[in-house]
Amino acid sequence: KAGVTQTPRYLIKTRGQQVTLSCSPISGHRSVSWYQQTPGQGLQFLFEYFSETQRNKGNFPGRFSGRQFSNSRSEMNVSTLELGDSALYLCASRSWTGGPDTQYFGPGTRLTVL
Amino acid sequence: AQSVTQLDSHVSVSEGTPVLLRCNYSSSYSPSLFWYVQHPNKGLQLLLKYTSAATLVKGINGFEAEFKKSETSFHLTKPSAHMSDAAEYFCVVSGSGGGADGLTFGKGTHLIIQP
């Protein structure tokens, strides 16, 4: 079974621009979560989507948004980029059984904001 | 609310010697606990998970962890370190409802293997 895929792997943007990252979950997984990883703050939960609905959200400003499509693929958007948004953005998928499902991570998208 | 504390930011061991990475957790629910490993420029790979079954959990690559409720600990061990074990290790707690609060990560422990 193919793993979680994320595109693009690397991005360079300038302040004020917006960016869209894409994530394709493992086949059959219906939940997608997004995380931000930075040297200072570590790994932080952004949000989770299931059945095209945001189910939970971490403590991030409204500039960070996402959506999920009917095929479970997800996109994350960051508007009005700031230097501090430079990070590795990780996507994870799980099957959503209602229990403590394991989340499987993709390789990440490295975003650099200049 | 849930939290995770990894007690060491860096651990250095010699190849062939035991590895101990320490983790304490706090959770309002019966927690699910995980250890993930991240090699440079790679995503996170699951090593093992605890979900209220056996307290001693065996994972991949010879790693295991023991859940101790009385000590709120979930330390990761390996009897004999290998050079390929050099990586960043994250202890992770998941809340109730299948992770409805998202995963909460520790700050990570950088494992260094000396030849």
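The values are calculated or read from the model by the stated rules, or taken from the named source; none is laboratory data. Please read these numbers as outputs of a predicted model, since none were measured by experiment. Here the Cβ positions follow ideal geometry from the backbone for every residue, glycine too, while neighbour counts run over all protein chains shown.
Here is how the numbers come out for the structure above:
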{"quantity": "Any hit, the range A:78-87, residues being within 12 Å of the chain's Cα centre (by Cα) and either within 23 Å of residue B:4 (Cβ to Cβ) or more than 9 Å from chain B (Cβ to nearest Cβ) (or both)", "calculated": "yes"}
{"quantity": "Which listed residue is in contact with a Gly (Cβ under 6 Å, 6 or more places away or on another chain), over 21 Å from residue B:33 (Cβ atoms) and either surrounded by fewer than 20 Cβ atoms within 10 Å (Cβ to Cβ) or of a type in the set (Phe, Trp, Tyr) (or both), from A:8, A:107", "calculated": "A:107"}
{"quantity": "Among (1) crowded, with 17+ Cβ neighbours inside 10 Å; (2) outside any loop (DSSP other than H, G, I, E, B) - the single one residue B:81 does not satisfy", "calculated": "(2)"}
{"quantity": "Flag if residue A:79 is surrounded by 14 or more Cβ atoms within 10 Å (Cβ to Cβ), more than 30 Å from residue B:109 (Cα to Cα) and among the polar types (S, T, N, Q)", "calculated": "yes"}
{"quantity": "Residue that is over 16 Å from residue B:102 (Cβ atoms), free of Cβ contacts under 8 Å to residues at least 24 places away in the same chain and small (Gly, Ala, Ser), where the choices are A:51, A:22", "calculated": "A:51"}
{"quantity": "Test for residue A:66: is it at pLDDT below 95 and surrounded by 13 or more Cβ atoms within 10 Å (Cβ to Cβ)", "calculated": "no"}
{"quantity": "Criterion (assigned to a strand (DSSP E or B), away from chain A (no Cβ under 11 Å) and either in contact (Cβ under 8 Å) with a residue 60 or more places away in the chain or within 28 Å of residue A:107 (Cβ to Cβ) (or both)) met by exactly one of B:57, B:92", "calculated": "B:57"}
{"quantity": "From B:18, B:40, residue being more than 10 Å from every other protein chain (Cβ to nearest Cβ), modelled with pLDDT under 95 and more than 14 Å from the chain's Cα centre (by Cα)", "calculated": "B:40"}
{"quantity": "Test: residue in the range A:27-35 that is small (Gly, Ala, Ser), in a loop (DSSP other than H, G, I, E, B) and in contact (Cβ under 8 Å) with a residue 24 or more places away in the chain", "calculated": "yes"}
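For (1) among the charged types (D, E, K, R); (2) out of contact with any strand residue (DSSP E or B) (no Cβ under 6 Å at 6 or more places or on another chain), each residue gets a yes or a no:
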site	(1), (2)
A:13	yes, no
A:23	no, no
A:31	no, no
A:37	no, no
A:41	no, yes
A:49	no, no
A:58	no, no
